[in-house]
Structures are given as C-alpha cells and as structure tokens.
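Peer 1: To start, I am sharing the structure in question, which I have written as structure tokens.
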Amino acid sequence: MPKPTLTTESGAPVADNQNAATAGVGGPLLLQDQHLLEKLARFNRERIPERVVHARGSGAHGYFEVTDDVTGFTRADFLGSVGRRTPVFARFSTVADSLGGADAVRDPRGFALKFYTDEGNYDLVGNNTPVFFIKDPIKFPDFIHSQKRDPFTGVQEPDNVWDFWAHAPEATHQVTWLMGDRGIPASYRHMNGYGSHTYQWTNAAGEAFFVKYHFKTNQGVRCLSGEQAAEQVGKDANSHQRDLVQAIERGVNPSWTLYVQIMPAAEAPSYRFNPFDLTKVWPHADYPLQRVGRLVLDRNPDNVFAEVEQAAFSPNNFVPGIGPSPDKMLQGRLFAYADAHRYRLGVNHTQLPVNAPKFEAANYGRDGLMATRNGSRHAKNYEPNSYDGPVQTDQPLSAPLAVSGHTGTHEAPAHTKDDDFFQAGELYRLMSEEEKKRLVATIAGGLSQVGRDDVVEKNLAHFHAADPDYGKRVEAAVRELRES
Ligand code: HEM
C-alpha cells in the first residue's frame, strides 16, 4: 500500500520534511517556507492550561450496567431497568501536583465519571475518599494554595499544608483518612470511588430522597506504605497510568460495584448531624448500602490529549431524576467546573467528542471560538419563535429544595451532633493497633517538619479533640521527632 502524502494544514503536499528552505546552500531561512512556519507555530501551541487541581490523571471508556431496581427512588432513565447499559468515560487523578507529577503519592484521588445517557450527560465528579477537608466553598482557593507548590520556594511546604489545617478543625476527619493506610492507593484500579457529597434523587411520583454514592472496587482495595510509594515513584513515576492502560490492553477490565445510601428527604432536618456536611459520612447502620449496578472500563482512549486532557466534567451536569442537595460545597462546585472549562478549553468545549452528548444538543447558544455546531440553514437563533425550534419541557429535573431564613454569611444549620471531631475519633478507634501506629508515624513525619510551634499545637489540639489516645500518641511522636 502506498503511504499517504504528507500535507500542510491546508492540505497542500509537502516536498521536504527534513530540510527547511534556505536562501542558497547554507543560507538563512526563507519566510515563504509555509510548512516550517506552520510546524513551529503549531508546536508552540500544543499545550493548554492544565487543570488548576487534579492536573495529573488517566482516563478510560466503559459502561455502567444496572443490576438492581432503583426506580422507587429515581426516575433517571439510565437507571430505569435492570440490565440497562450506558456508555461511560472515567478519569482518575491525583489532586495537588501538576501535570508532570508522580502517581504514587499521598493525596486524594479524583474519581470522575461521565454517563452518556439518552437524556444528556450525567457527570459524577467524586473522589476516592467519602469526605473532604472543608465544608464551605469560599475556603477552596486558600486550601488548594496551601497544598500546592509555594510561590516562593516552588515546592510543597509542610508549613503551608499544616498551617491551613491548623485553621480548619473540620479537616481532621479527612486528614485522618489521608494519613491512614488508604492514603496512597496502589493503582487507580485498586481504590473505591465516592460521590462524597449528598445528592438528590426524585422518583416518578415526585418524592425526593438524599443519596450518597459508593463505588466499591472489584479488584480489592490495595494501598502502598510511604516507603513502598517512595520506591515506586523512583522506579516509575507514571505507575497508575501504566497500570490502567496495560490492564485494559490485556483485557483485564477493571470494574466497580455501585451502592447508594438513601435517606428519605423528610428525615434530613432532624438527623443527628447535618446530612449535607461533606466532612462527615452517614453510618451504614443508619442508611445501609443498596446495590445499583456495576461500572466496567474496557477501552483505552485512542489519544490521551483529545480524550483525557480535554475531558470536562461538571457536577452541574444532571439528568431528570438527579439533582443537587443544599450542601454548600456542592453548590459552589456547580459554578466552578464549567467556568474552569470555559477558561481551559473554551466556550465550545461541550462540542468536543469526549464531552458531547450522544445526540446533538439543541438550544439557541451560538458561535464563539471554535464553534462547530451552529444550527442548520434555516434554524432560528432565538426563542420563543414561530418555527420548529426546540422548546422547554416544563418538567424540573429534580424536586425543589425547601429554604427559609434570611440571606447572610451563615454557618451550617445546627444539628444535635455537629462537632468537627467525633467522626475522626470513630475512624481512629476502628483501626487496628498496627494501623494506629502507622497513622501516628505518618502524621508525625509531616507535622514535625513544621517550623512554627503554634501551628503544631493547633493541629495537636485537633487530634486530642478527636480521641485522647490519638492526640497523646501524635503529640509524643511529634515531640520526639522535633527534639531528635
Ligand atoms: C477538578 C474546583 C471540590 C473532585 C476541579 C477543577 C476545579 C475544581 C476548578 C478543575 C476542572 C477542570 O479544569 O476541568 C473545585 C471547587 C471545590 C472542589 C471550587 C469546592 C468548593 C471537590 C470535591 C471533589 C472534587 C469535594 C470530590 C468529592 C474533583 C475531581 C476533579 C476536580 C475528581 C478532576 C475532574 C477531571 O478528572 O477532569 N475541581 N473542586 N472537587 N475536582 Fe474539584
């Protein structure tokens, strides 16, 4: 078979791809060498802004299959019958480092899913942890600044990391989680995923429920110790990416079983803690796990840039039967993601193949940089119109949320047991003696590097408040390391 002809971007054949055109042999370059100019200019524009968080990640295609009937709780069409399969794109990520960062690090992992349903794309943008460090979105930029590279030293600074946590007692639960045995997953295949926030489901009768999503890995949870991770990073900084690509290429398709916890909406106001607080889990004894289906990843992207780097997940992409809860963090995220996509990928990012719904979106949005979908010849670009353009359904996607009170910068509504520490203590007490030892050593290893005594003391106070034994042990270990 003859090879195809090499062309310029405009399609003209290229005569020489090895020698730039010059004025005479050995002379200066000619401005008329379109192929050279285009090749250099295009190369300069290959990078786009990386994600401000979760920059380093890996993606794969697959499907979600319903195994259990949940129609009593949601009218979401893609969950509407057992056996129903919906195509999915997943992206897993680390959070704090930039695009070139190492995979096997102590950091939460992103667990982002895009379900290409018949009613539009549903994005569930979660993590491998059921809780988070903060519960108000106004703190997010400060939190991330403290965890990423310091603007002066250019490296992640324990002083900044722990200084933020010193001022965020609500982080104690997630810090305990992150510093514990599950803090460094062995690979993306060997970790669970959580929606983390509380979401709302609405059934066909209009009844509302609050739900939490749990994706349990069918590969089993496997993690690395700090030492194993350091060795792994030295051997192969891209270990998670390599593992995922190679497993799928070998036909060893990773899968997860989805369970949900379901709370009838009427129980939320009187629950013993705020059920919309992202720093807390719902005990399974109160709301047991109910199986929904399984997620299978079975196809690698053909091109990492096109499909993984350009993937745009937004927690605000809901479908009928699924909606937001009043969780303030979630509400903040409903704005932040599509805004980031407009900056990172442009206003028409939803037209890129990985982000487009599986049918053509129909609305009156037009034009903008890189528009490829502008309506057919006679389609009107305003609404209402007297022609045959798309019209609204008059069917809200989810049930309305009841609100009361005055506007203002309020703290969360008070429930009987809303302190920031009791679930961190419960998590600590669940651990075996060996796990507790490793947890304490990991925390002390980080906290002992902090220069300021007041920052150390404030953090110690949080561990004491979670559990006296936890506090005592961390304090002793930190003092020992600081004095040595
Ligand atoms: C990525 C904002 C909390 C999970 C991002 C991005 C932004 C952002 C701007 C980059 C998006 C892009 O460029 O494509 C925020 C804000 C938060 C918040 C403002 C709090 C108010 C959370 C929480 C979770 C989470 C609580 C998990 C439960 C993720 C994931 C990604 C991400 C998984 C990567 C998505 C992907 O793979 O493309 N976040 N985030 N974030 N965030 Fe958040």
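The values are calculated or read from the model by the stated rules, or taken from the named source; none is laboratory data. These numbers come from a predicted model, not from an experiment. Here the Cβ is made from the backbone with ideal geometry for all residues, glycine too, and neighbour counts use every protein chain on show.
Peer 1: So, of the residues in the range 333-350 that are part of a helix (DSSP H, G or I) and touching a residue at least 40 places away in the same chain (Cβ under 8 Å), which turns out to be farthest from the ligand (Cβ to nearest atom)?
Peer 2: Taking the candidates together, the pick is Y343.
Peer 1: Can you go through E360, E411, E434 and tell me which one is loosely packed, with under 12 Cβ neighbours inside 10 Å and in contact (Cβ under 8 Å) with a residue 12 or more places away in the chain?
Peer 2: Answer to the check: E360.
Peer 1: Would you call A237 aliphatic (A, V, I, L, M) and either within 16 Å of the ligand (Cβ to nearest atom) or within 18 Å of H54 (Cβ to Cβ) (or both)?
Peer 2: yes
Peer 1: Right, here's the next one. Among the listed residues L330, L295, which satisfies the condition of being within 16 Å of the ligand (Cβ to nearest atom), part of a strand (DSSP E or B) and touching a residue at least 12 places away in the same chain (Cβ under 8 Å)?
Peer 2: L295
Peer 1: Still on this structure, I have one more. Please go through the range 441-464 and give me each residue that is without any contact (Cβ under 8 Å) to a residue 40 or more places away in the chain and under 17 Å from S484 (Cβ atoms), ordered by number.
Peer 2: Across the range 441-464, the qualifying residues are A441, A444, S448, D453.
Peer 1: Here is a further query. Inspect the range 125-138 for any residue being within 16 Å of the ligand (Cβ to nearest atom), within 29 Å of T409 (Cβ to Cβ) and part of a helix (DSSP H, G or I) and give the result as yes or no.
Peer 2: yes
Peer 1: Taking the criterion of being more than 12 Å from the ligand (Cβ to nearest atom), small (G, A, S) and out of contact with any helix residue (DSSP H, G or I) (no Cβ under 9 Å at 6 or more places or on another chain), would at least one residue in the range 115-123 satisfy it?
Peer 2: Yes, there is a match, as at least one residue in the range 115-123 is more than 12 Å from the ligand (Cβ to nearest atom), small (G, A, S) and out of contact with any helix residue (DSSP H, G or I) (no Cβ under 9 Å at 6 or more places or on another chain).
Peer 1: Any residue in the range 355-370 that is under 21 Å from E50 (Cα atoms) and under 20 Å from the mean Cα position of the chain (by Cα)?
Peer 2: Among the residues of the range 355-370, at least one is under 21 Å from E50 (Cα atoms) and under 20 Å from the mean Cα position of the chain (by Cα), which makes the answer yes.
Peer 1: Continuing with the same structure: Quick one: which of F215, F210 is touching a helix residue (DSSP H, G or I) at 6+ places or on another chain (Cβ under 9 Å) and at pLDDT 95 or above?
Peer 2: Unique residue meeting the criteria: F210.
Peer 1: Oh, and also: So, in the range 351-364, how many residues would count as being assigned to a loop (DSSP other than H, G, I, E, B) and in contact with a Lys or Arg (Cβ under 9 Å, 6 or more places away or on another chain)?
Peer 2: 6
Peer 1: Quick check on my filter: what residues within the range 427-484 are touching a Phe, Trp or Tyr at 6+ places or on another chain (Cβ under 6 Å) and in a loop (DSSP other than H, G, I, E, B)?
Peer 2: V450, D467
Peer 1: Let me ask something else. Before we move on, is D302 more than 22 Å from T217 (Cβ to Cβ), without any contact (Cβ under 8 Å) to a residue 12 or more places away in the chain, of a type outside the set (G, A, S) and not in a helix (DSSP H, G or I)?
Peer 2: Answer is yes for this residue.
Peer 1: Which residue pairs have Cβ atoms closer than 7 Å, lie 6 or more positions apart in sequence or on different chains, and pair a first residue in the range 465-484 that is more than 23 Å from R429 (Cβ to Cβ) and at pLDDT 95 or above with a second residue that is surrounded by fewer than 20 Cβ atoms within 10 Å (Cβ to Cβ) and not aromatic (F, W, Y)?
Peer 2: As it stands, the answer is L481/S448, since those pairs meet every condition given.
Peer 1: So in the range 145-178, with the set limited to residues that are of a type in the set (V, I, T) and out of contact with any helix residue (DSSP H, G or I) (no Cβ under 8 Å at 6 or more places or on another chain), which one is nearest to A102 (Cα to Cα)?
Peer 2: Per the stated criteria, the residue is V155.
Peer 1: Now for a different question. Just for the range 77-114: of the residues that are among the aliphatic types (A, V, I, L, M) and more than 19 Å from K358 (Cα to Cα), which one is farthest from the ligand (Cβ to nearest atom)?
Peer 2: V82
Peer 1: Also, I was wondering about something else. Give me the residue from the range 1-16 that is loosely packed, with under 10 Cβ neighbours inside 10 Å and polar (S, T, N, Q) and, out of that set, nearest to the chain's Cα centre (by Cα).
Peer 2: For the range 1-16, the residue satisfying everything is S10.
Peer 1: To continue, here is another question. Tell me, please, whether a residue that is touching a Lys or Arg at 6+ places or on another chain (Cβ under 7 Å), within 30 Å of D418 (Cβ to Cβ) and more than 13 Å from the ligand (Cβ to nearest atom) can be found in the range 300-317.
Peer 2: For the range 300-317, residues touching a Lys or Arg at 6+ places or on another chain (Cβ under 7 Å), within 30 Å of D418 (Cβ to Cβ) and more than 13 Å from the ligand (Cβ to nearest atom): absent.
Peer 1: Which residue, of D159, D136, D163, is buried (at least 19 other Cβ atoms within 10 Å of the Cβ) and not basic (K, R)?
Peer 2: Of D159, D136, D163, the one residue that is buried (at least 19 other Cβ atoms within 10 Å of the Cβ) and not basic (K, R) is D163.
Peer 1: Conditions: (1) within 16 Å of the ligand (Cβ to nearest atom); (2) assigned to a loop (DSSP other than H, G, I, E, B). D388 meets all but one. Number of the miss?
Peer 2: In the conditions (1) within 16 Å of the ligand (Cβ to nearest atom); (2) assigned to a loop (DSSP other than H, G, I, E, B), D388 misses (1) alone.
Peer 1: Please identify the pairs in which a residue from the range 262-286 that is over 19 Å from H214 (Cβ atoms) and within 16 Å of the ligand (Cβ to nearest atom) has its Cβ atom under 7 Å from the Cβ atom of a residue that is hydrophobic (A, V, I, L, M, F, W, C) and part of a loop (DSSP other than H, G, I, E, B), counting only partners at least 6 apart or on another chain.
Peer 2: Short answer, once both residue conditions are applied: N274/A412.
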